[in-house]
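Asks: Dropping a structure here in structure tokens format, bear with me for questions.
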Amino acid sequence: MKRYGIGQSVPRFEDSRLLRGRGRFQDDRNLPGQSYGVVLRSPHAHARIVSIDTAAARAAPGVLAVYTGEDYAADGLGMPKATLPRKRPDGSPMFAPQRPALVVDRVRYVGDPVAFVVADSLAEAKDAAELIAIDYEPRSAVTDTAAAASSGAAPVWDECPDNISNIVEKGNKSATEAAFARAVRTIKRRYVITRVHAQYMETRGALGVYDEGDERYTLYTDCQYPHRVRNMLCSTVFRIPESKMRVVSGDIGGAFGSKGWQYVEHRLVLWAARKLQRPVKWTCERSEAVLADEHGRDSVGEIELGLDGDNKFVGLRLHLIGNIGAYVGSDRNLLVPSMMIGTAVGVYDIPSAYALVTGVLSNTSPTAPYRGAGRPEAIYLIERLIDDTARELNVDPLELRRRNMIPANAMPYQNALGCYYDCGDFLANMDMALAAADYAGFPARREQSRARGMLRGISVANAIEQAASPAQSEFAEIRFDTSGSVQLLMGTKNQGQGHETTFKQILHERLGLDPGDVHFTDGDTDQVAFGMGTNGSRSTVVGGSAIYLAAEKIIEKGRRIAGHMLESAATDIEFAHGRFLVAGTDRAVSLKQVAAAAFVPARLPLGFDGGLYESATYAPSKDTYPNGCHVCEVEVDPETGDVAVVNYVIVDDVGTVINPLTLKGQIVGGIAQGLGQILMERVVYDDTGQLVTASFMDYAMPRADVFSHITVKSNPVPTKLNPLGAKGAGEAGCVGSLPSIMNAVMNALEPVGVRQLDMPATSDRVWKAIRSVAKENGK
Amino acid sequence: MYQFQYHRPKNLAEALDLLAQDGDAKLLAGGQTLLPTLRQRLAAPSALVDLAGISELTGISTKGELLSIGAMTRYIEIIESPLVQATLPSLARAVALVGDPLVRNRGTIGGSLANNDPTADLTAAALAMHATFVTDRRSISADEFFVDLFETALEQGEILVRIEFPLPDRAAYVKFRNPASRYALVGVFVAEVHGDIRVAVTGAKAKVFREHAFEAALQTEFSAKAVKGLDVGTTGLIDDLHASAEYRANLISVLTRRAISAAMIGSHRGA
Ligand SMILES: Cc1cc2nc3c(=O)[nH]c(=O)nc-3n(C[C@H](O)[C@H](O)[C@H](O)COP(=O)(O)OP(=O)(O)OC[C@H]3O[C@@H](n4cnc5c(N)ncnc54)[C@H](O)[C@@H]3O)c2cc1C
């Protein structure tokens, strides 16, 4: 029993299939008679479309159709709309421009879809796309976050001359002002958080089918929430009941938040499939991905800390400008960074705080959740500011943290920006991490590095994040068949996290089922009744709890069947280790036997509702707060500015650990994405709004050889908010890694006098920072 | 990709014939540069003339003080060649820094040099060691071969057959990788061939070049100290997303010093 239960490092059941090439990813799916779609995208950051001539393209060999924005509008198709109640600074409603599937008269970023070409083959579709003649009249563009918000910036939308879409406020402004008035010291900094792309291994795709007989659509696509994609397409685009559409997602090679629900290609393939009466397939190419996908992060934060005479934090103020991009295609584009900024006070007791987030439009691809979605930004800002504060006040950064940390006995803790930390032991996390990283031995290591001409730095960053939102419920169904084996159907959608394994473990823990008897299903709206999908570190917490509750129902019903089989009262039946037992006897039946009996009326009480399939739809009552401590050690080559991470330790508290092995995978992957962003990754638009990092020749991705060993330890404090005690683990590694790596770099550069540097800490930027300080000092 | 014809000639004469007949045909070696270019629709040759079946273009051999490497020799063959390891280990090491295993299994030395990418590695090796480029019709010295960005002295329809490296007394290559592409952000190859010291720099300008000021200083004293403090200036240096011209200038100095030290540790023949 223990082998597969909760807490066991069970190797992933799905790996054998995936590693042998037996996965079924989006592009593996092909249908008889399918045609191929290609999206023609804007080469301009901002331009008026004077004319589009598609005649030559339509006449090209193999071409079935060439669609433009006018065709889309003429067919009366709708578009999703943002629903979050937001306002502009003057109190008027937010400006949230919807996005059509294809633009009509104006392109607003490089990559904005202009036409959709469908042909018998991909090569023919590409050839034809080159024949579309478009007359553009370029206009001035703005892509930089701070510039977009400044006065005089070129408006992205004429209807919104100042580019400000909306603002969000959190905390208590007047109380915070008062706290700052009393503060003995205040420290203010400005930090830039760069724009990145998720760079999943599998680029996006969509295959649309229309069944004329059933008058029903099927969309095969790699998305994080098939049911929400169906809901959006049915309610806002096609305006049909959801029963008229099926959405199917197979294996997904990474998503990280970026495989959201409003992508226009979903609409285009379905619309074209209906018009052409043929399946239409679109596959994003690698060189198209940075143009076609939503991006992550991209904000500029001004953050200020107030301290009293004892270096206790008394107040925190934050103004963050977040770059929304050119459209608010759905609520997704309003989430970053404002929704998750409530943890900007970190794990520290700061009595008053106020955060203002200004969402600005720009001539860039829209931003949307990407691993952490505002949480890494929040922790980056506070943890960097604490290190800078310690430097400025000449106090020990650890001591400053200890002094201000929320102690375990203060739990639950309501933070000043509205987050309710239900449990956690932050000091214990930090002490464990310091010991594991041999923090005490750092001065000696720094000295050794110095002797080799190298600069060594260390950092401690405490992370906390809001996870598993109560705004979304999740669904699980346990379906027994007559042989006693089981189909487990989930509303979450695995994207590589190892759901099949963790969910089978939870099922095993509750029902004692052999994982080999369980078939795992997710990602099909025809099979799974409901789901909100996978995002925000929620699947194990919310989906896993739903399994737990559905299993309870199985036990309850099974108890009654077993009672009948064993000729005892149901109340005398106990369930343990997969068996129903008459209490105090050795008379028992297995769950498998009960399941088989459940389908045979003769073996059931008269009039009993047979079968054995139970589901649960679970909604948490509150957010959970995974947390942890990261210690990072780096070495910087002062001659080249090259940064090498030499050691990394994390102690995480994700609540109950279902599977330490898959947890470690999640943590390490998250750290890898944080390292990528801090040291090299970056989406860059040039001054004219051209995207200059569209390929891996220019978009730097971290590779295995840039990592050090990563020690992952756990200090679980299970939450009482859900039956599993889980808090969520998908984003934990990423949230703390941004500040820990950057702070370690800053610590390394301290002896040479560098005080200011923004991510990414590429070698040339680090070298430049070192050199400008040296120049200032006349060296 | 656009449509194209595909030819696989069996010998050099046949290949030259095909090129002579079709001015828009292109030679295909390992395809590691050419195929991505075609896939991105950045080139539309009428035909590809695949050099893989031509034995005249393969083979590694020594002739006195010369190491000769056929144009179609794959990177992996150079790295694993006992002859190269024994006579010119610095070249084997430089080749091992090219790309990733997939690229090294298919890419060729001839393809790389004929392509003359400003950030390629082996251009620096060839220039520093004063290699000779032997084609179907003539010999070209390394100083003449690299003309400009992606442009060499090869004429339309001319095929690079082999490259001949004089064996250096000492040599070393130090590469600082572009974090994205992992081509050279800057790479410096230092070689001393028959008392002649040459410093070739790749990644920093439109084409590989020699840092004459360093060469002169090293001629007086072969040590890292000899070039310390010499300012290379930023004229003509690439200034882009990945590195400023100033930073590249700094790397040229730092990497040259490191290459000198590496060459000094390695005995004669090359490190
Ligand atoms: C992922 C990746 C990473 C890479 N990293 C590096 C790196 O770190 N450093 C580096 O230096 N390079 C790198 N490269 C480039 C690689 O070295 C290529 O192999 C090389 O540039 C071209 O060699 P090839 O044999 O593949 O030539 P091809 O791509 O087949 O041909 C290149 C060009 O040379 C011409 N040509 C080929 N052979 C001859 C000949 N005998 N005579 C005349 N013309 C000829 C072709 O017509 C073509 O124009 C990388 C490539 C990739 C895909």
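The values are calculated or read from the model by the stated rules, or taken from the named source; none is laboratory data. Model, not experiment: these values are computed from the prediction. When we count neighbours, we look across all protein chains shown, and the Cβ atoms used for this are built from the backbone with ideal geometry, even at glycine. Calculation scope for accessible area: heavy atoms of the full protein, side chains included, ligands and nucleic acids excluded. Shrake-Rupley method; radii C 1.70, N 1.55, O 1.52, S 1.80 Å.
Asks: Which members of segment A:159-186 meet the condition of being out of contact with any strand residue (DSSP E or B) (no Cβ under 7 Å at 6 or more places or on another chain), more than 11 Å from A:PHE95 (Cα to Cα) and among the charged types (D, E, K, R)?
Replies: Going through segment A:159-186, the residues out of contact with any strand residue (DSSP E or B) (no Cβ under 7 Å at 6 or more places or on another chain) turn out to be A:159, A:161-162, A:174, A:177-178, A:181.
Those still in the list that are more than 11 Å from A:PHE95 (Cα to Cα) too: A:174, A:177-178, A:181.
The one that is out of contact with any strand residue (DSSP E or B) (no Cβ under 7 Å at 6 or more places or on another chain), more than 11 Å from A:PHE95 (Cα to Cα) and among the charged types (D, E, K, R): A:GLU177.
Asks: May I pose another question? Does B:ALA94 fit the bill of being within 11 Å of the ligand (Cβ to nearest atom) and either part of a loop (DSSP other than H, G, I, E, B) or open to solvent by 30 Å² or more (accessible area, probe 1.4 Å) (or both)?
Replies: no
Asks: Additional query: Are any residues in segment A:684-727 open to solvent by less than 10 Å² (accessible area, probe 1.4 Å), within 11 Å of another protein chain (Cβ to nearest Cβ) and touching a Phe, Trp or Tyr at 6+ places or on another chain (Cβ under 9 Å), and if so, which ones?
Replies: A:THR693
Asks: Turning to a different aspect of this structure: Would you point out which residue out of A:GLY670, A:GLY665, A:GLY676 is assigned to a helix (DSSP H, G or I) and within 12 Å of another protein chain (Cβ to nearest Cβ)? Even if it seems obvious, please write down each step before you answer.
Replies: Numbers: A:GLY670 fails: within 12 Å of another protein chain (Cβ to nearest Cβ); A:GLY665 fails: within 12 Å of another protein chain (Cβ to nearest Cβ).
Every option except A:GLY676 fails the conditions.
Asks: When segment B:172-185 is examined, which residues are found to be more than 9 Å from the ligand (Cβ to nearest atom) and either among the hydroxyl-bearing types (Ser, Thr, Tyr) or under 15 Å from the mean Cα position of the chain (by Cα) (or both)?
Replies: Pass one, segment B:172-185, residues more than 9 Å from the ligand (Cβ to nearest atom): B:172-174, B:176, B:179-180, B:185.
Hits for segment B:172-185 are B:ALA172, B:TYR173, B:VAL174, B:LEU185.
Asks: A further question follows. Which condition number in (1) within 27 Å of A:GLY253 (Cα to Cα); (2) open to solvent by 60 Å² or more (accessible area, probe 1.4 Å) is the one that A:VAL39 fails?
Replies: Every condition holds for A:VAL39 apart from (2).
Asks: Quick one: in segment B:29-47, of everything that is of a type in the set (A, V, I, L, M) and open to solvent by 40 Å² or more (accessible area, probe 1.4 Å), which residue is nearest to the ligand (Cβ to nearest atom)?
Replies: Here the answer is B:LEU35.
Asks: If you take the residues in segment A:10-57 that are assigned to a helix (DSSP H, G or I) and touching a residue at least 60 places away in the same chain (Cβ under 8 Å), which one is nearest to A:LEU507 (Cα to Cα)?
Replies: Looking at residues that are assigned to a helix (DSSP H, G or I) and touching a residue at least 60 places away in the same chain (Cβ under 8 Å), I get A:PHE13.
Asks: Related question: Would you mention how many residues in segment B:1-53 are within 14 Å of chain A (Cβ to nearest Cβ) and either touching an Asp or Glu at 6+ places or on another chain (Cβ under 7 Å) or under 20 Å from B:ASN105 (Cβ atoms) (or both)?
Replies: Of the residues in that region, 7 qualify.
Asks: What's the number of the only condition in (1) within 6 Å of the ligand (Cβ to nearest atom); (2) within 21 Å of B:PHE176 (Cα to Cα); (3) assigned to a helix (DSSP H, G or I) that B:GLY99 fails to meet?
Replies: The number of the failed condition is (3).
Asks: Shifting gears a bit: Cβ contacts < 6 Å: first residue away from the ligand (no atom under 12 Å from the Cβ), restricted to segment B:61-80; second residue in a strand (DSSP E or B) and of a type in the set (D, E, K, R), any location; separation 6+ or different chain. Result?
Replies: Here the result reads B:LEU66/B:GLU164; B:SER68/B:ARG162; B:SER68/B:GLU164, each pair linking segment B:61-80 to a residue that is in a strand (DSSP E or B) and of a type in the set (D, E, K, R).
Asks: Report, by residue number, each residue of segment B:232-252 that is more than 9 Å from every other protein chain (Cβ to nearest Cβ) and in contact (Cβ under 8 Å) with a residue 12 or more places away in the chain.
Replies: B:VAL232, B:GLY233, B:THR234, B:GLY236, B:LEU237, B:ILE238, B:ALA249, B:ILE252
Asks: Now, a different point. Here are some residues: B:LEU122, B:LEU149. Which one is under 26 Å from B:GLY236 (Cα atoms), open to solvent by less than 10 Å² (accessible area, probe 1.4 Å) and either in contact (Cβ under 8 Å) with a residue 12 or more places away in the chain or within 13 Å of the ligand (Cβ to nearest atom) (or both)?
Replies: The unique qualifying residue is B:LEU122.
Asks: Can you spot a residue in segment B:48-64 that is more than 17 Å from B:PHE133 (Cβ to Cβ), charged (D, E, K, R), surrounded by fewer than 16 Cβ atoms within 10 Å (Cβ to Cβ) and modelled with pLDDT under 95?
Replies: No, that holds for no residue.
Asks: Ok, one more. Residues to consider are A:SER459, A:SER449; find the one that is part of a strand (DSSP E or B) and open to solvent by less than 10 Å² (accessible area, probe 1.4 Å).
Replies: Residue meeting the stated conditions: A:SER459.
Asks: Hey, can you tell me all the residues within segment A:589-636 that are within 34 Å of the chain's Cα centre (by Cα), surrounded by fewer than 18 Cβ atoms within 10 Å (Cβ to Cβ) and more than 20 Å from A:ALA550 (Cβ to Cβ)?
Replies: A:LYS622 - this is the single residue of segment A:589-636 that is within 34 Å of the chain's Cα centre (by Cα), surrounded by fewer than 18 Cβ atoms within 10 Å (Cβ to Cβ) and more than 20 Å from A:ALA550 (Cβ to Cβ).
Asks: OK, next. Hey, among A:LEU102, A:LEU131, which residue is at pLDDT 95 or above, over 20 Å from A:THR143 (Cα atoms) and within 14 Å of chain B (Cβ to nearest Cβ)?
Replies: A:LEU131
Asks: Still on this structure, please answer the following. State yes or no: is B:ALA259 within 14 Å of another protein chain (Cβ to nearest Cβ) and assigned to a helix (DSSP H, G or I)?
Replies: So B:ALA259 passes the test.
Asks: Please determine whether any residue of segment A:752-767 is on the phi > 0 side of the Ramachandran plot and open to solvent by 10 Å² or more (accessible area, probe 1.4 Å). Explain how you work it out, then say what you get.
Replies: From segment A:752-767, those on the phi > 0 side of the Ramachandran plot are A:753; that's our starting set.
Retained after the next criterion (residues that are open to solvent by 10 Å² or more (accessible area, probe 1.4 Å)): A:753.
Yes: one or more hits.
Asks: Could we say that B:TYR2 is exposed (fewer than 14 other Cβ atoms within 10 Å of the Cβ) and in a strand (DSSP E or B) here?
Replies: no
Asks: Tell me, which residue of segment A:637-653 that is in contact with a Cys (Cβ under 8 Å, 6 or more places away or on another chain) and open to solvent by 10 Å² or more (accessible area, probe 1.4 Å) is nearest to the other protein chains (Cβ to nearest Cβ)?
Replies: For segment A:637-653, the residue satisfying everything is A:VAL645.
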